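Since every read-out is calculated from the coordinates, none of them should be taken as a lab result. Remember, predicted model here, so these are calculated numbers, not experimental data. Don't worry about glycine lacking a Cβ; one is built from the backbone with ideal geometry, like all the others, and counts go over all protein chains shown.
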Amino acid sequence: MRVITTTGTRSINVVLRELAVSDNYDVVLFNESTKVESTIQVISTESDINANLRRLNIPFTLDYNEGDEFSFKVIETGGTVILHRNKLFITDKDPQNYSNE
């Protein structure tokens, strides 16, 4: 599980099962409480990912509510193969026991 704050510019890093051929990724977020799905598009080349210790950096700029919990998956834009799957928790509380890595 990854943890981010409710507002501001923040990001998480995830390790992919394989790289997208097109360098275009969709991060599909599913809000567990409202059952609403949204998508974040990320463009990242293989050299960008390699420079980030083989991790895809996913930026978040939207505001979320305290306590929101999302399941998310990373797929190649237009594809169906899941390259990464995880959970995301939103909180402004002291993140001493949480990590975005």
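Going through V74, V36, V21 one at a time, which residue ends up being of a type outside the set (K, R) and surrounded by 11 or more Cβ atoms within 10 Å (Cβ to Cβ)? Walk me through it before giving the result.
Values: V36 fails: surrounded by 11 or more Cβ atoms within 10 Å (Cβ to Cβ); V21 fails: surrounded by 11 or more Cβ atoms within 10 Å (Cβ to Cβ).
Only one candidate qualifies: V74.
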Every pair of residues 6+ apart whose Cβ atoms lie under 9 Å, when the first sits in the stretch 65-77 and is without any contact (Cβ under 8 Å) to a residue 12 or more places away in the chain while the second is part of a strand (DSSP E or B): none
If you check E76 against the conditions, is it closer than 12 Å to T6 by Cα and in contact with a Ser or Thr (Cβ under 7 Å, 6 or more places away or on another chain)? no
Among the residues of the stretch 12-66, which ones are out of contact with any Ser or Thr (no Cβ under 7 Å at 6 or more places or on another chain), acidic (D, E) and under 14 Å from T77 (Cα atoms)? E18
